Structure formats: C-alpha cells, structure tokens
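S.K.: Can you read through this structure? Questions will come right after.
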Amino acid sequence: MKIENKKYKTKAGNIINYYEIDNENPPLLIIHAQGTNANSYKNVVSKLSKYYHLFLIDCYGHGKSTHNKELYNLETQGNDLIEFIKCVIKSKTSILGHSSGGLIASYIASKTDLCDKLFLEDPPLFSSCGENRVNYYNYKDLSTVCHNFINQDEIKDFVYYYFINQYCWNFFPENSRDKIKTKLGNNALKFRAKHPNKTLQVIFWPKKFMEAFNGLNDYDPNFGEAFYNDSFNSNIDYENLLSNIDCETIFMKAKTVIGEDGLIQCALTDEDLDKVKSLIKNIDVEYFDCGHGIHNEKQKQFIQTVIR
C-alpha cells in the first residue's frame, strides 16, 4: 500500500491537500471531522484500500490545506470539493464524511450526481445550526473554546488552551476538579514546550479523550468560530438539502447520550435521526455502541459497513 501526499489548487487559488492510495478499485472520497485531518483514518486505510481507490482530503482550516476563515462555510468547501471530484477523481465516487465532514458530504450528494454511495458517519445534522446548536456538546466544548481563544491574548498555544478549557472538566468532581486541572495542565504545558509539533500526550488523561487532539496542531480556531456564530451553515436549508439526495445512503449512528443537565453529548439525537430518515429517500441506518469517533472506536464494524 503506497500513500501519496498531493495538492490540488482550485480555480480560485485555494489549496486542497490530500492523500491518495491508487489502485484499480472504485474511488472513495473521505472527509474528516472538525479539529482533526485526513490522518484520522490512518488505522483503517489499509483495509479500506483493498476495496477502494482512496482520496483522503484535509478540509480548509485543517492540516495542510488553505487556512483562510473566509472559506469556512459549507457552500465554499462543498463547491470546491465538487470541483476536486471533477478535476482529480474524474468519475462518480463514493463519499464518506465524518461529523462536519458528513455535512460537506451531504452537500455534495445533494448538489450533484457525482456521489455513487454516501456514507454519513455521525454527522450533526439539525444539531449544529440555528438556536438548537447551543444544546449540544460541540457548541459548549470546541466551538465555545475557539470563540474564547480568539477573543483573548494571554495564551498563544491553542492546543494547550483547549486542554485546560475543554468542557469535559465539568465531568470531574467539583471538590477535586481544580487540583487535577492544575496538575494535568502543567503536564500539558511541559509537553507542549518540549514537543510543540507532536500530538499532545498527557499521562492519566483518558485515551478516548486524547483522540480530540489528533490534528489540533494544524487546526485554525476560526473554523470552530464558524460553528459558534453559525456562519458555517449560513443560507443552508437542511430539509431541502437532504430531500435532494438520491444516491444510496448509509447512516452510521453513534450512541445517544444526554447528560443529567440536559446537555446532548452526541452529534444528534434519535429525533434528529428520524427527521433525517424522513428526508433522504434511500437510507439505511447502522447503529454503533460507542462514542462519536466510530472509525476509531469500532474499527471492525465500521470497515464491514463501508465495504459490504
């Protein structure tokens, strides 16, 4: 398996960085989630490449693609990937999108006939836009942290800032929270000083939570700001968008979790999913008993779903 790192320059002059595993199999375009990059799928590409000719892109504001906050909206990213499919892949392709990448994948499938099969990995449909978004974990966590980081000058390192300000500190016992936060925060600060270009590692921090830092080194917080102020989804009518999807669609739904405080700690609720199912004509749902990062947490089931 040979992975080639390439770049595509759009007609508007923007750079889409991507990784290709070339073979004679049908194409699959993979669009990662917010805060990470194409490297998010490193643990499954080997097996997927036995069935697909893979194209894994870095979204704008992530990895090695263009960082420009004017591009951080669904229409611009979606239209530029439509151009990418036409000019680079040059054929109909299956499209897999995780989280915010699923929003982009839905846009492409809705606006063109270029999508052969659509795989939606737990996208925040109807939960990342409008007033409803403030009730979901992503808004309280990454979106709000990005907004606050942009509007302060004291701390320059976003990775460290996110670590000490992430919402999950609220899950620690109140009487010991500050002590643990100070100790682990100092560990994070030391690691960042010694290894500024490496993915953050903090002893005793749950491995599942550390996945959130895989890609943050090359992440523009202005992308999170676009979800905080809802500009990413501006002018998007998701009911109309989803109703225009005609291709076969596989929806991968992670576990629904709602906290005691009412905060929805998942990408979308069962009610959100019911609405999606009522709009997309040809849809099948696969349920996963895990968190949001399905392709990392349930690799075997994920691969079986994508290659079946």
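The values are calculated or read from the model by the stated rules, or taken from the named source; none is laboratory data. Since we're looking at a predicted model, the values are computed, not measured. Here Cβ is always computed from backbone atoms with ideal geometry, including for glycine, and neighbour counts include all displayed protein chains.
S.K.: Given the criteria part of a strand (DSSP E or B), under 20 Å from N222 (Cβ atoms) and either more than 20 Å from the chain's Cα centre (by Cα) or outside the structural domain of M210 (by TED's automatic domain parsing) (or both), does I16 qualify?
M.R.: yes
S.K.: Just checking, which of I245, I250 is touching an Asp or Glu at 6+ places or on another chain (Cβ under 8 Å) and not in a helix (DSSP H, G or I)?
M.R.: One residue alone meets the criteria, I250.
S.K.: Could you count how many residues in region 259-269 are without any contact (Cβ under 8 Å) to a residue 24 or more places away in the chain and surrounded by 11 or more Cβ atoms within 10 Å (Cβ to Cβ)?
M.R.: Selection size over region 259-269: 1.
S.K.: Also: Counting only residues that are among the small types (G, A, S), under 26 Å from the mean Cα position of the chain (by Cα) and closer than 19 Å to D218 by Cβ, how many does region 169-206 have?
M.R.: 1
S.K.: Turning to a different aspect of this structure: Can you tell me which residue in region 185-210 is surrounded by the most Cβ atoms within 10 Å (Cβ to Cβ), limited to those that are farther than 16 Å from F158 by Cα and of a type in the set (D, E, K, R)?
M.R.: Residue satisfying both the conditions and the ranking: K208.
Conditions (1) within 19 Å of D246 (Cα to Cα); (2) among the aliphatic types (A, V, I, L, M); (3) assigned by TED's automatic domain parsing to the domain that holds K194; (4) under 19 Å from the mean Cα position of the chain (by Cα), marked per residue:
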residue	(1), (2), (3), (4)
G97	yes, no, no, yes
L103	yes, yes, no, yes
S106	yes, no, no, yes
T112	yes, no, no, no
L120	yes, yes, no, yes
T144	no, no, yes, yes
F149	no, no, yes, no
I155	no, yes, yes, no
